Amino acid sequence: MADREGVPGLPATGWAVLGLLSHGRESSGYDVKKWADRSLGLFYRSPSFSQVCSELKRRENSGYATSRLVAPETGSRDKRVYRITDEGLDAVRTRARTAPLDPPVLKHGPMLRLWLGHLLEPERMREILAAHREHAERMRRRAEADVAGADEAWAYPRLTLKWAERYYTAERDLADAMLADIEEREGERPWH
């Protein structure tokens, strides 16, 4: 089934794998998975290794990618590396240009718990927000490190990693603000 631009409908993972290949490097399934973890996993979702391998085979079967076996530099097994085809590059370019922009869907567990805070003790709510703050700071540091380690030639993925770094900075700061709001509210009146 094709969309209005004639680009076949692929699952999000298929488009993500093609997008990773679109940077022009010949990549193994392991390489694609590693790059997905260092980029997609910070703002979308990183597919599992089995999903990456399945999608690479599907994209090859659809004519959007080619593969070849490469003799190992060390070790005993050949590895299969993939490269996007011109048709695949055209498809992912068209998809990037024309796909409807889906607004982000906020499914925020800590916010839901805060919303249900009237059912919790203030100390438990502080623990939840502190754990979220720690998570956001870990992710911010990871994004910061990934920006520093990203290939200079990949300008837009680097910008996306910077966005992720800023997002997690904001999440950390929001958790701090909510903790301060709880302290202020606790001083004003009872919780229930």
Residue check for D78: in contact with a Pro (Cβ under 8 Å, 6 or more places away or on another chain), surrounded by fewer than 14 Cβ atoms within 10 Å (Cβ to Cβ) and more than 30 Å from H132 (Cα to Cα): yes
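When residues of the range 58-75 are filtered for being touching a Gly at 6+ places or on another chain (Cβ under 6 Å) and surrounded by fewer than 16 Cβ atoms within 10 Å (Cβ to Cβ), how many remain?
To start, the set of residues in the range 58-75 that are touching a Gly at 6+ places or on another chain (Cβ under 6 Å) comprises 64-65.
Adding the requirement that they be surrounded by fewer than 16 Cβ atoms within 10 Å (Cβ to Cβ) leaves none.
Within the range 58-75, residues that are touching a Gly at 6+ places or on another chain (Cβ under 6 Å) and surrounded by fewer than 16 Cβ atoms within 10 Å (Cβ to Cβ) number 0.
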Subset of the range 20-29 that is in contact (Cβ under 8 Å) with a residue 40 or more places away in the chain and assigned to a helix (DSSP H, G or I) - its residue that is farthest from A164 (Cα to Cα): G29
Residue under evaluation H132, criteria (1) out of contact with any strand residue (DSSP E or B) (no Cβ under 6 Å at 6 or more places or on another chain); (2) closer than 20 Å to L20 by Cβ; (3) modelled with pLDDT of 95 or more, criterion not met: (2)
Residues located in the range 141-192, provided they are small (G, A, S) and under 30 Å from R93 (Cα atoms): A143, A145, A148, G149, A150, A153, A155, A164
Members of the range 56-91 found to be charged (D, E, K, R) and farther than 14 Å from S22 by Cα, listed by number: K57, R58, R68, E73, R77, D78, K79, R80
Test: S39 is among the small types (G, A, S), closer than 30 Å to M178 by Cβ and touching a residue at least 24 places away in the same chain (Cβ under 8 Å): yes
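Going by the structure shown, is D173 part of a helix (DSSP H, G or I), in contact with a Ser or Thr (Cβ under 8 Å, 6 or more places away or on another chain) and over 30 Å from G9 (Cβ atoms)?
Numbers: part of a helix (DSSP H, G or I): yes; in contact with a Ser or Thr (Cβ under 8 Å, 6 or more places away or on another chain): no; over 30 Å from G9 (Cβ atoms): yes.
Spelling it out, it is not the case that D173 is part of a helix (DSSP H, G or I), in contact with a Ser or Thr (Cβ under 8 Å, 6 or more places away or on another chain) and over 30 Å from G9 (Cβ atoms).
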Sole residue being within 26 Å of D146 (Cα to Cα), among the hydroxyl-bearing types (S, T, Y) and outside the structural domain of K162 (by TED's automatic domain parsing), chosen from S76, S28, S67, S62: S28
Close pairs from the range 135-148: first free of Cβ contacts under 8 Å to residues at least 40 places away in the same chain and more than 19 Å from A36 (Cβ to Cβ), partner surrounded by 18 or more Cβ atoms within 10 Å (Cβ to Cβ) and hydroxyl-bearing (S, T, Y), Cβ under 8 Å, at least 6 apart: A136/Y168; E137/Y168; R140/Y168
Those residues of the range 44-87 which are under 21 Å from the mean Cα position of the chain (by Cα), farther than 11 Å from S28 by Cβ and of a type in the set (A, V, I, L, M), in sequence order: I84
First in the range 153-180 and farther than 17 Å from R140 by Cα, second anywhere and surrounded by 20 or more Cβ atoms within 10 Å (Cβ to Cβ) and of a type in the set (A, V, I, L, M), Cβ under 8 Å, 6 or more apart: M178/L129; L179/L129
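Just checking, which of T94, T85 is without any contact (Cβ under 8 Å) to a residue 40 or more places away in the chain and not assigned by TED's automatic domain parsing to the domain that holds T160? Break it down into steps so the answer makes sense when it comes.
Working: T94 fails: without any contact (Cβ under 8 Å) to a residue 40 or more places away in the chain.
Unique residue meeting the criteria: T85.
The values are calculated or read from the model by the stated rules, or taken from the named source; none is laboratory data. Not measured: the values here are computed from a predicted model. Don't worry about glycine lacking a Cβ; one is built from the backbone with ideal geometry, like all the others, and counts go over all protein chains shown.
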